[in-house]
1. Name the residue from B:L132, B:A61, A:L134 whose Cα lies farthest towards the positive end of the charge dipole of the protein assembly as shown, charges +1 on Cβ of Lys and Arg and -1 on Cβ of Asp and Glu.
2. Using alpha carbons only, how many angstrom separate the centre of segment A:132-169 from the centre of segment B:1-17?
3. Which order results if A:H210, A:H64, B:H39 are arranged by neighbouring Cβ count within 10 Å, fewest first?
4. In the structure shown, do any of A:K94/B:K140; A:K94/A:K165; A:K165/A:K289; A:K94/B:K31; B:K31/B:K140 have a Cα-Cα gap over 32 Å, and if so which?
5. Through the Karplus equation 6.51 cos²θ - 1.76 cosθ + 1.60, θ set to phi - 60°, convert the phi angles of segment A:79-90 into ³J(HN,Hα) values in whole Hz; use x for Gly and Pro.
6. Using the beta-carbon distance between A:E200 and A:A131 and R0 = 56 Å, what value does 1/(1 + (r/R0)^6) give for FRET efficiency, to the nearest 0.05?
7. Which cross-chain or sequence-distant (5 or more) residues have an amide H under 5 Å from the amide H of A:R296, H modelled 1.01 Å from N in plane?
8. Could you compute the FRET efficiency for A:E18 and A:R88, with r as their C-beta to C-beta distance and R0 at 35 Å, rounded to 0.05?
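Just so it is clear, none of the values below were taken in a lab; they were calculated from the coordinates. Since the structure is predicted, the reported quantities are computational estimates derived from the model, not experimental observations. For neighbour counting, all protein chains shown are included, and Cβ atoms are generated from backbone atoms with ideal geometry for every residue, glycine included.
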Amino acid sequence: MNTDSELLIVDDMSPAAENICTVTLRSASQRRLPSWRPGAHIDLELPNWITRQYSLCGDPNDQHSYRIGVRLEELSRGGSEYIHRLLRPGTLLKVRGPRSTFPDRTPAGTVFIAGGIGITAVLAMFLRDHAQGLRPMLLYAGRSRAAMPFLDELPEDAEVVIAAKDEDQRLDFADLAARLPAGTAIAVCGPSRMVSAVEEAFPEEKFQVHAERFRAEPRAFVNTEFLTACARSGMEVTVGEHESLMGALARADRPLAAGCREGVCGSCEVRVLSGEPEHRDLIGAPPGKMYPCVSRSSSERLVLDL
Amino acid sequence: MLQNTIARPAPLTHARVRELIGEPDQSAIDKVQDRIDPHIYRFIAHSPFLAIATAHADGTADSSPRGDYPGFVKVLDDQTLAIPDRIGNNRIDTFENLASDPRIGLLFLVPGHRETLRVNGRAYLTEDPNVLTRLEAEGKAPRLAIIVEVEEVFIHCGRAVLRSRLWDQDSTALAEHVPSIGEIVAAQYHREDVTAEAVDEGIESAYKNLY
């Protein structure tokens, strides 16, 4: 773990797939960079004062450079747009880390699952395990092969399943879960929806799941009014389009523990008994739960365990 | 009250103005383009501050500042800009003006850069969710945004910034000689309960919430 910030220089920028580029960074003073274990990420501060996190997807044995992969978001708020359209080799950037939320080692036979740019988080772990003869498996899903980076870096003798949506290929998590022995380690990184599907197919009781969600593509939401019912108290509240579910509950004297109020911290978690929550949080709500500070309902009625 | 010691100055005809100033160089005329080229895009992407000029159909004119993260004004395409509306005092002079007259003039500054960027065009307001999402800062999307349809784009020479020593560190000493907003407001109110200190304190705590 390293929390100091260091000035790195942009050494190279190369296209890696449709709308995805890699950025290679090295020390401005030619020094060795802090070492990292596969699964680690860095915080990158851009010249426009925006800080974003990127997984290291290069060779961990290379002590002089870091490689990250960045996807240009259609609704970029300034991070990926800057990297793709404005960042130039030679630019100095403030970097903090590397840090990791993945375990330092993954057991033999780990199944790595990546969705789109989520490959950047698991690629180095998968390649390490493969090189060490741990027989890992990689399931890698994306929109199309042209939009999936690093396909050419996957060893031919490794167990890899590629699922390109435009070729009608889908990953069948339920089928795989039925075939894998209990206790298999699963490491997944991808969009929130995919990670939730993995968590549902590989229950904690049977598998060791480690999930990392990247912030879902920024989405624009339209608020509509809906009815929420509190099953335990029998209370019903209409949530107006200009208030949050949490706000409506507080108005009706049913305040909830609130932390960030931005769908990041998870402190306001409630159980959903019926109805279809429209998840807007950045954590990725586990099945049957929701975060009422930001999430709403896509059904007209939502019944909560309150 | 300040007394003018000379007579009120007389206005000039435009012909006399031209006679005094002379004609512009052809290069000063040619520098005006009608779209955002890659260099101008880079200028806007690093600008954290701009002044917006608008006018009301009734003839009154107004200029107001906007500031945020560099690049907070998004270039949607080479003839369209989006400017977020962050929280402020809700006076909405700019919006009132745009409702009656869409013409708009923008002046972008980049700290440390001598030249300024001028963009003129027509503007309207939007709450398009895709645009508001792109304008998000510190986790908050603006309530609405100004869309500018670009007509004229040009770089303004750096003499004004050079003469003003605008980016010199030493120049910030000027602020010490200017009254605080509390002093200004307290003097306008003439009320015992409105003190400069109280206003300054209130403003200071309001400034803690910028988004």
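1. A:L134
2. Each part's Cα centre sits 76 Å from the other's.
3. B:H39, A:H64, A:H210
4. The answer is A:K94/A:K165; A:K94/B:K31; B:K31/B:K140.
5. x, 5, 4, 4, 4, 6, 10, 10, 5, 10, x, x
6. 0.95
7. A:E278, A:R280
8. My answer for the efficiency is 0.95.
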